[in-house]
Structures are given as C-alpha cells and as structure tokens.
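Novice: Got a structure here, written out as structure tokens. Questions coming.
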Amino acid sequence: GNISFSCLEPQVVPVTFLSSSSYLALPGTSGQDEVFVSFQFRTWNKEGLLLSSKLHQSSFLLYLSDGRVKIKLHKTGRVLSDIAAGAGLNNGQWHSVSVSVKRNRISVRVDNDVTSSAHVSIPPQIYSEDIFYFGGCPSRGNISECNTSFGGFQGCMRLISIGNKAVDMISVQQNGFGNFSDLQIDLCGIMDRCLPNYCEHGGECSQSWNSFYCNCANTGYKGATCHYPIYEQSCEAYKHRGNTSGFYNIDSDGSGPLGPFLVYCNMTDATWTIVQHNSTNLTRVKSANRENPHTVFFKYSASLDQLQATINLADHCEQELAYYCKKSRLLDKSDGMPLSWWIGRTNETHTYWGGSLPAVQKCACGLEGSCIDSQHYCNCDADKDEWTNDTGFLSYKDHLPVTEIVITDTDRPNSEAAYKLGPLLCRGDRTFWNSASFNTETSYLHFPTFHGELSADVSFFFKTTASSGVFLENLGIQDFIRIELHSPSEVIFSFDVGNGPSEVIVQSPNSLNDNQWHYVKAERNVKEASLQIDQLPQRSHNAPPDGHIRLQLNSQLFVG
C-alpha cells in the first residue's frame, strides 16, 4: 500500500538560557481576543522568569518561585491575579506549561494537570500584545525592563508555541524573526552537578544552574561537602577541650568513611572511653555440652570497624571477663581440648582467660602459680563441687573486643557455670599525644605522597619562637599544597589544583610565635578551601566554577 520507509518525527530544537540576562523575544499574534502560549522547560533553579508580556495596560508574568509555576497579573501597581501550580519543578526534568487568557479568565496547566484557573476582571478588549519575552527581558543600561524582584531563567526550553502555532527556532537563529541574547540554540546545555555526588558521608546534594550544595544535616559532618567531622576523635580530645565526664559522640577515623558513635567518657583521673554491649548482666548456664553448647553473641553500640579504629588509636584497652564455675571446667586435661572459649574481633578462637596472656592456654592463677589445685592452670579446671572463679582483664588489643563466648561443660550432675563480660575500656590517644621537635631549619619529617584528590583536611598544634617557617608541603608537577607561618601573626594555606595558585590567609591579632600551643586546621574540597587558627573566625576561599578539581601530587609529603 501507500507507505514510506521512514518515520518523520518533528524536529525538536531546544534552547539554553545561559545566564540570568538571557532572553528570547518572539512576536505575538495581535488582534486576537485570546492568548495561548505553551512550552516545555527544565532547570535546577527554584526561581526565574519564564514568560512576560503586556496585556492591555496590565503586565503579565509567568515565573518559577520555590519550584512552583506562578502567574501574576498586575495593573498600575494593583495585583489583579495570583495563581500557583505544580511543585518541585526544578528537578532537572522536562515539564510542560500552557497558559491561556480568554474572556477575563486565566488558566494554567503544568504537566497536563489542569490545576489552577482564576477569574479576573480584565476589560474584554483585544488582549494580545505584540511581543512575548521568554526567560528574561532585555535591559537598558543595567535596568531590566521586566522590573521583577527575581532574576531571569537559567535552563532550557523547547516546543514553544504561540497561539497554537509552533515557533521555528532555526529561523529565529537565522534572524528570520524575533530576537534573543545570550542563548544557545539547538542544544540543551543543562549539567547534572550532583553526578558524581561530591557530598560525602551521606550528605544530600541539591543544585542550581551554576553550583551544587550539600545538606549535611544529621550526618555528623560539616563543611561545603560534609567532609569534616563535627565530633572529636576521642575522649582524650574532649578532655583537652575542658569537657567533663559524660556521653559523647566520637569519630575515631576523623574525616574518614566511618561515622560517629556514642560512648561514655570517664574523665575523673585518666580518661577512659567506655563502649557498652547488650549483655552486661551475670548469666548462669546449665546443661550445655559439646554437642549442644551454650553460645552467646555480644553486640556493641558501634560497628566492629568503628571499634577497631578506636582500639588502634588507644594506648591501652581492656575488657573484664569473669567465669564462675561449679564442676565446670575450661580445659579437658585428658585430651587437651578446650571445653570453653571466646572469640574476638578477628573471629579467632581464644582459650586464654582474664588476666592471662595470648600465647598461653592458662588463667591468671596459672601465671601467678596460685591456682587452688597446683596440677591445673585455672581454678575451674580443679572441677570442685563448690563455686570458684577465673576472673581478670583481657588486654591484648588485637583480640578485643570479645564478640562471642562458648561454654560446653555444664551438663554433669551439680555442674553449673556463670559468666559476666564488662564493657570495652580504652585509654590514651596515640594521635593526640604525639609531638615532634624541629630543632634546626633543616629538620623535617617526610611521609608518602599526600592523597587528597577531591577533599583533604590537615590539622595540628604548633608552638614556636620563630617568626616564619613551613609547616607542611607536598609538590606535584604543577599542583602543590603548603601551609606556612608567613609572619609572626599570619598563617597561609596555599595550593594549586590546576587553576593557578590560590591562598587562604588568616591574620591573628596576637603573635603566634609566643611559645604557646596554637591550633591550625586547613581543609580543601571541590567547592572551597578553608583555614582556621585557634578560635579565630574561619577564612574560606571559593573554588572557581567549572575549574579543575583534582589535586595531583607526586613527591613526598614534608612536615616541618
């Protein structure tokens, strides 16, 4: 039959409004008693002017406000009508809008949903005006003709039609009719600045035409990209700030991937970090044997990764394990097999008990030679028909915390056991209490290359009598990062990620070379760089839009 082997699709020509001063002016259909305009748009911005025109001595505005489409009709300062439709229209997707003004009735449709229309007393004269301005207005000098409080539209439009007649954008481009400023025709140049998402630690990304923003609420982190922890790294750091005993959130790996968790800090003399688990009571066990063992799992108020980071930071950790027994042995002397054991963080089975050492299968009394039966290395292994116990602290850090206990020897007559596991206790902070003295100008520490391509933070305390000096430096081929005491009262954080060197400077009202400890914290991410000294206000420096963002270093990191 009569067919053609092609599919003629209407050519869609999008236009991009690049800046808030962009506009597209198209002739209207004069002499009609009805105005009908429709188009599709997409944007990330919450506000912006979509369409404006003059309708018989009154001015007509169609605009985005807080992600909704609104219409305002006002005449010599009096608002005749105010309509709103749609919601969340700044989600970067295409949305269609059509507006009709007919016999003192204005109606607007957003995404084919007839929501709003309003009855307006406009004199039923000839309405339509000769020019429609899309996306903004031409400006004379610095003053925009639209005279609106919100800026122009930044985003894309397509399928514009006026009076049910599609507008041919290619002939507009060739100056066939209409005029425009700062437009890209036949291209939608919208970018998704939240892909990839540079907000860290679960921060929520939102965006506008020019930039992205991170909402760090409830993440435990702060800063332009939710990179820097709100909470201190340890109880030791809280104590140093002057805090007293209580519950605190700690973030043991700082700006690393692990989140914060709640611990109790006991700061009476030494500072102890206390992490609880779900089974702190004394628990009695009967009728357990090798075929049917009594197994208990301990769940802590933090993940094992978080606990590992805390334990690694600490100088010393311990956990009290008490095993009470009546005719219940820990070790079977006849075959040398353990009858009870515990499992630590690394999922390995351990048969040494409280107060003893990892390598030996003994209890504390076996090390001290004080067991109630000298033939055995644990009190419980004497197998007496009366209560005794093997109790003490487990303090080998790599095996802590205890995650599971298994008991098998309580099924003989009169046989019974009970156990009690205390909370995980840690003290000391190896990263907080460590220092180095640089005695000459040529002294330095060097470390492997600093890897902080998209975000990095550095903090330290210093004290000196020198008037200047480099704290830290790492160079690349062109990129670099450096923090220095530039003068007795000025610290400079400088870096280059490919957009040319930039620096953040903090000037202190007091001298910093007074031989007292001063705190320095610098952070750089894809949005900004910041520097803080002691309690002085933080200074920051915004990154250029659409510039280079990766910090690429290749030499060693030198400190001091």
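Novice: Going through Thr273, Thr295 one at a time, which residue ends up being within 30 Å of Asp409 (Cβ to Cβ), in contact (Cβ under 8 Å) with a residue 40 or more places away in the chain and not in a loop (DSSP other than H, G, I, E, B)?
Specialist: Among Thr273, Thr295, only Thr295 is within 30 Å of Asp409 (Cβ to Cβ), in contact (Cβ under 8 Å) with a residue 40 or more places away in the chain and not in a loop (DSSP other than H, G, I, E, B).
Novice: Among Tyr377, Tyr419, which is touching a residue at least 24 places away in the same chain (Cβ under 8 Å) and outside any loop (DSSP other than H, G, I, E, B)?
Specialist: The match here is Tyr419.
Novice: With respect to Ala288, determine if the residue is in the same structural domain as Leu331 (by the TED database) and open to solvent by less than 30 Å² (accessible area, probe 1.4 Å).
Specialist: Against the criterion (in the same structural domain as Leu331 (by the TED database) and open to solvent by less than 30 Å² (accessible area, probe 1.4 Å)), Ala288 qualifies.
Novice: Please tell me if Gln32 is of a type outside the set (Gly, Ala, Ser), modelled with pLDDT under 90 and either open to solvent by 50 Å² or more (accessible area, probe 1.4 Å) or in contact with a strand residue (DSSP E or B) (Cβ under 7 Å, 6 or more places away or on another chain) (or both).
Specialist: yes
Novice: Only one residue in Phe438, Phe461 is open to solvent by 50 Å² or more (accessible area, probe 1.4 Å), assigned to a strand (DSSP E or B) and either outside the structural domain of Lys333 (by the TED database) or modelled with pLDDT under 95 (or both), so which one is that? Before the answer, list the steps.
Specialist: On the way: Phe438 fails: assigned to a strand (DSSP E or B).
Being open to solvent by 50 Å² or more (accessible area, probe 1.4 Å), assigned to a strand (DSSP E or B) and either outside the structural domain of Lys333 (by the TED database) or modelled with pLDDT under 95 (or both) holds for just one of Phe438, Phe461, which is Phe461.
Novice: Residue under question is Val491, and the condition is that it be assigned by the TED database to the domain that holds Arg539 and either outside any strand (DSSP E or B) or open to solvent by 60 Å² or more (accessible area, probe 1.4 Å) (or both); does it hold?
Specialist: Against the criterion (assigned by the TED database to the domain that holds Arg539 and either outside any strand (DSSP E or B) or open to solvent by 60 Å² or more (accessible area, probe 1.4 Å) (or both)), Val491 does not qualify.
Novice: From the set of residues in the range 291-333 that are among the aromatic types (Phe, Trp, Tyr) and open to solvent by less than 40 Å² (accessible area, probe 1.4 Å), which is nearest to Gln375 (Cα to Cα)?
Specialist: Tyr323
Novice: Here is a follow-up. Return the pair list, or none, for Cβ contacts closer than 9 Å from residues in the range 199-225 that are farther than 30 Å from Phe17 by Cβ and open to solvent by 60 Å² or more (accessible area, probe 1.4 Å) to residues that are assigned to a loop (DSSP other than H, G, I, E, B) and among the β-branched types (Val, Ile, Thr), at least 6 apart or on different chains.
Specialist: Gly202/Thr219; Lys222/Ile230
The values are calculated or read from the model by the stated rules, or taken from the named source; none is laboratory data. From a predicted model like this one, the values you see are computed outputs, not experimental measurements. As a convention, Cβ positions derive from the backbone with ideal geometry for all residues, glycine included, and neighbour counts pool all protein chains shown. Accessible surface is based on the protein model in full, side chains and every heavy atom, while ligands, DNA and RNA are left aside. Shrake-Rupley method; radii C 1.70, N 1.55, O 1.52, S 1.80 Å.
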